[in-house]
Every structure is written in C-alpha cells, then in structure tokens.
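Undergrad: Supplied in structure tokens, the structure appears directly below.
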Amino acid sequence: MQVTFLGTGASLPMPKRALPAVALSHNGIITLFDCGEGTQFQLQRAGLSPHKIACICISHLHGDHFFGLPGLLASQTLMSRVAPLQLVGPQGLSEYLRTTQRLTGTRPSFDLHITEVTPQQDYLALRLAKATLEVRALEHTTFCLGFCFVENDLPGKFDAEMATRLGIPEGPERAALVRGEPVVLSNGRLVKPEAVVGPPRRGRRVAYCVDTRPCASAALLAKRADLLIHDGTFAQDEDDRARETGHSTAQQAAEIAAQAGARRLFLTHISARYVDDGSPLLSESRALFAQTEVASDLMSVTVSLRERD
C-alpha cells in the first residue's frame with residue numbers, strides 16, 4: 001500500500017504546492033482523494049496511471065478540491081477508458097458533472113457510478129476492491145466529508161520454518177494453507193492451517209480528514225489509523241483564523257492523532273504562509289505527536305502492516 005501526495009496546498013495553486021489530491025495505491029488499484037486543478041499533471045509527474053483509478057472521493061464542493069475532476073474524466077474518455085469508475089462525494093456532485101458535460105458536449109466512455117452523501121447521513125460504508133471505504137461528515141464552512149480506507153483483514157503470517165519441519169513442500173499445499181484450507185500430504189498426514197498460519201492480521205487503515213475543524217468524526221475516522229492525513233492549514237498563533245475558516249492547526253491535528261491512537265500523522269492543506277518553511281507546523285505537532293510529517297507534493301509513503309495488532 002502506497003500513498004502519494006499529489007497536491008498539498010490550500011485554496012490557491014502554488015509552484016511548490018499544488019491543490020489537494022492524494023493517491024492511495026493498493027494491489028495495483030488507485031483510490032484518489034480529492035481532485036484539485038492540476039491533478040492530471042501531478043499524476044504524470046508521480047508516474048501514476050489514471051487508468052488505474054477505480055474510485056475518486058471528493059470531500060466537498062469548494063473548487064480547490066474538485067475543479068480538476070471534469071478534466072480528468074474528459075481525458076479518460078479521450079483515452080478510450082472502458083473500466084467503470086466510482087465517485088463518492090457530497091450532494092450536488094452529480095448536478096455539477098451533468099452541467100459541465102452538457103455545456104461541453106462530453107460524455108464518459110465508461111460507466112460512472114456516483115454515490116452522493118447528504119447532510120442527514122452520519123455514516124456510510126462502501127465496498128471497494130479488498131477494502132471498505134468509511135465516510136463521515138466533518139466540520140467545515142460547508143458540508144464536507146472525511147474518509148477512511150480500511151483494508152480487509154489479511155491472512156495470518158505463514159511460518160515457513162514450521163512448514164518445512166512438517167514436510168510441507170513449497171507450492172500449492174502452502175498456498176492452500178494460507179487460504180485457510182487443510183491439506184493432506186503425500187504420506188497421508190492431515191495438516192490444518194492453524195499449524196503453520198498465525199491468526200488473521202488486521203488490515204491497514206488510511207484516514208483522510210481535510211478542510212475540517214477538530215471534531216469527533218475526524219477522531220472516529222482516524223481511530224487506530226496506520227496513516228492519518230489531516231488538515232494542518234495553520235500554526236497555533238492563527239487559531240482564530242483556523243476556526244473562522246473551518247480548518248485545523250497543526251497542534252489540533254496532533255491532538256486528534258494522539259486521541260485516535262494513530263500510528264503516523266501527515267499534515268496537509270498547508271497555507272501559503274508556510275510554503276517556504278513548514279517548520280512551525282512540524283514543531284508544534286511533534287510536541288504532542290512525535291510521528292508527524294508535513295506532507296510535500298509528490299511525497300510517497302509506504303503503509304506497512306503492524307507487527308502486532
């Protein structure tokens with residue numbers, strides 16, 4: 001599982017920070033969180049194929065988070081995409097896309113499945129390929145969604161040394177045991193999976209909570225997250241400005257990460273105030289949550305499995 005930050009800026013595109021977009025690659029499939037203007041170019045720079053995007057999650061209908069979407073869809077049609085694409089976002093997303101498609105005369109060459117979330121929905125869980133997408137409403141100046149990508153539980157760790165001692169040959173027998181199937185060896189011995197396979201491992205969790213004040217929903221999405229991507233627009237001396245504009249400070253993001261028991265925190269949606277120096281955000285957050293980084297454009301992070309749950 002790989003997370004690539006395509007755009008980490010706030011409100012306006014900047015040479016050093018593009019508008020919000022994060023790509024999560026899992027088993028060769030990409031889930032895209034937000035699609036700010038310029039996301040197509042950032043995908044190219046990151047070496048990620050838009051054809052591998054299976055789901056796009058739009059947090060809210062402020063332009064810096066989704067003005068890149070019509071262009072991305074149009075480009076996929078020009079490239080003769082046939083694979084279906086799932087969109088998840090707030091109510092109004094379908095209307096926006098219908099209007100842009102009508103006015104520009106473009107129609108997708110592929111099936112577009114749109115799931116709209118209304119303000120009346122507190123929680124939504126959607127099935128993805130080998131994962132679940134959890135959706136909750138955050139607290140912003142407009143209706144805004146946060147997401148958590150929850151990988152399905154994985155088979156337990158295979159004990160190759162024990163398998164060798166039991167005389168299990170490499171090949172189909174070992175694969176069957178990993179799948180949870182008992183096998184009969186050539187000597188007639190029955191081997192059950194639990195003899196060589198540990199208990200199931202909890203799937204990895206990546207939470208995406210941007211354009212939000214600190215809130216209970218963000219903490220719920222971030223609960224035991226292996227990687228939390230959180231709004232860190234301002235330093236603490238801009239607390240009033242953060243509250244007014246519906247954003248979080250780096251310190252507040254760290255408090256959420258600590259409260260939720262997250263493993264790692266990446267601050268994003270960085271104000272232009274810190275475009276050349278994010279150290280104020282980093283130092284404030286690390287004072288409360290040591291495993292903090294300030295995300296930068298094209299930064300790529302591997303999300304590893306926990307050794308112990």
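Undergrad: Quick one: in the range 285-298, which of the residues that are within 17 Å of the chain's Cα centre (by Cα) and assigned to a loop (DSSP other than H, G, I, E, B) is surrounded by the most Cβ atoms within 10 Å (Cβ to Cβ)?
TA: Selected residue: 295.
Undergrad: Checking the condition more than 23 Å from residue 266 (Cβ to Cβ) and outside any helix (DSSP H, G or I), which residue from 107, 102 passes? Give the steps one after another, and end with the answer.
TA: Values: 102 fails: outside any helix (DSSP H, G or I).
When all the criteria are applied, what remains is 107.
Undergrad: Give just the number: which of (1) more than 19 Å from residue 8 (Cα to Cα); (2) in contact with an Asp or Glu (Cβ under 6 Å, 6 or more places away or on another chain) does residue 259 not satisfy?
TA: Only one criterion in (1) more than 19 Å from residue 8 (Cα to Cα); (2) in contact with an Asp or Glu (Cβ under 6 Å, 6 or more places away or on another chain) is unmet by residue 259, namely (2).
Undergrad: State all residues of the range 100-128 that are hydrophobic (A, V, I, L, M, F, W, C) and surrounded by 13 or more Cβ atoms within 10 Å (Cβ to Cβ); if no residue qualifies, say none.
TA: Going residue by residue through the range 100-128, those that are hydrophobic (A, V, I, L, M, F, W, C) are 103, 110, 112, 114, 117, 124-126, 128.
110, 112, 114, 117, 124, 126, 128, listed by residue number.
Matching residues to (1) without any contact (Cβ under 8 Å) to a residue 60 or more places away in the chain; (2) not small (Gly, Ala, Ser):
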{"position": "206", "(1), (2)": "no, yes"}
{"position": "212", "(1), (2)": "no, yes"}
{"position": "216", "(1), (2)": "yes, no"}
{"position": "233", "(1), (2)": "no, yes"}
{"position": "236", "(1), (2)": "yes, yes"}
{"position": "244", "(1), (2)": "yes, yes"}
{"position": "255", "(1), (2)": "yes, yes"}
{"position": "266", "(1), (2)": "no, yes"}
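Undergrad: With closer than 21 Å to residue 148 by Cα, of a type outside the set (S, T, N, Q), modelled with pLDDT under 95 and touching a strand residue (DSSP E or B) at 6+ places or on another chain (Cβ under 7 Å) as the only criterion, which of 305, 267 stands out?
TA: Going through 305, 267 in turn, the sole match is 305.
Undergrad: While we're on this one: Which residues, counting only those in the range 187-203, are aliphatic (A, V, I, L, M) and surrounded by fewer than 21 Cβ atoms within 10 Å (Cβ to Cβ)?
TA: Of the range 187-203, the ones aliphatic (A, V, I, L, M) are 190-191, 195-197.
Scanning the range 187-203 gives 190, 191, 195, 197.
Undergrad: For the list (1) more than 27 Å from the chain's Cα centre (by Cα); (2) loosely packed, with under 14 Cβ neighbours inside 10 Å; (3) among the charged types (D, E, K, R), I need the number of the one condition that residue 159 fails.
TA: Single failed check for residue 159: (2).
Undergrad: Listed residues 206, 184; which is β-branched (Val, Ile, Thr), open to solvent by 90 Å² or more (accessible area, probe 1.4 Å) and out of contact with any Lys or Arg (no Cβ under 8 Å at 6 or more places or on another chain)?
TA: The conditions single out 184.
Undergrad: Spot the failing condition for residue 282; the list is (1) touching a Ser or Thr at 6+ places or on another chain (Cβ under 8 Å); (2) touching a residue at least 40 places away in the same chain (Cβ under 8 Å); (3) open to solvent by 10 Å² or more (accessible area, probe 1.4 Å); (4) not aromatic (Phe, Trp, Tyr), and only one is missed.
TA: With (1) touching a Ser or Thr at 6+ places or on another chain (Cβ under 8 Å); (2) touching a residue at least 40 places away in the same chain (Cβ under 8 Å); (3) open to solvent by 10 Å² or more (accessible area, probe 1.4 Å); (4) not aromatic (Phe, Trp, Tyr) applied to residue 282, the lone miss is (2).
Undergrad: Also, quick follow-up: Would it be correct to say that residue 171 is open to solvent by less than 50 Å² (accessible area, probe 1.4 Å), at pLDDT below 95 and at positive phi?
TA: On the way: open to solvent by less than 50 Å² (accessible area, probe 1.4 Å): yes; at pLDDT below 95: yes; at positive phi: yes.
Spelling it out, residue 171 is indeed open to solvent by less than 50 Å² (accessible area, probe 1.4 Å), at pLDDT below 95 and at positive phi.
Undergrad: While we're here: Criterion first (farther than 24 Å from residue 38 by Cα and open to solvent by less than 60 Å² (accessible area, probe 1.4 Å)) does residue 136 satisfy it?
TA: Against the criterion (farther than 24 Å from residue 38 by Cα and open to solvent by less than 60 Å² (accessible area, probe 1.4 Å)), residue 136 qualifies.
Undergrad: Does the range 161-178 contain any residue that is out of contact with any helix residue (DSSP H, G or I) (no Cβ under 8 Å at 6 or more places or on another chain), within 29 Å of residue 31 (Cβ to Cβ) and in contact (Cβ under 8 Å) with a residue 12 or more places away in the chain?
TA: The answer is no; no qualifying residue exists.
Undergrad: Moving on. Which of the residues that make up the range 252-273 are outside any loop (DSSP other than H, G, I, E, B), surrounded by fewer than 22 Cβ atoms within 10 Å (Cβ to Cβ) and of a type outside the set (Gly, Ala, Ser)?
TA: Hits for the range 252-273 are 255, 259, 273.
The values are calculated or read from the model by the stated rules, or taken from the named source; none is laboratory data. As the structure is a prediction and not an experimental result, all values here were calculated from the model. Positions of Cβ are generated from backbone atoms using ideal geometry, with glycine treated the same way; all protein chains shown enter the neighbour counts. To get the accessible areas, we keep the full protein, side chains included, count just its heavy atoms, and leave off ligands, DNA and RNA. Shrake-Rupley method; radii C 1.70, N 1.55, O 1.52, S 1.80 Å.
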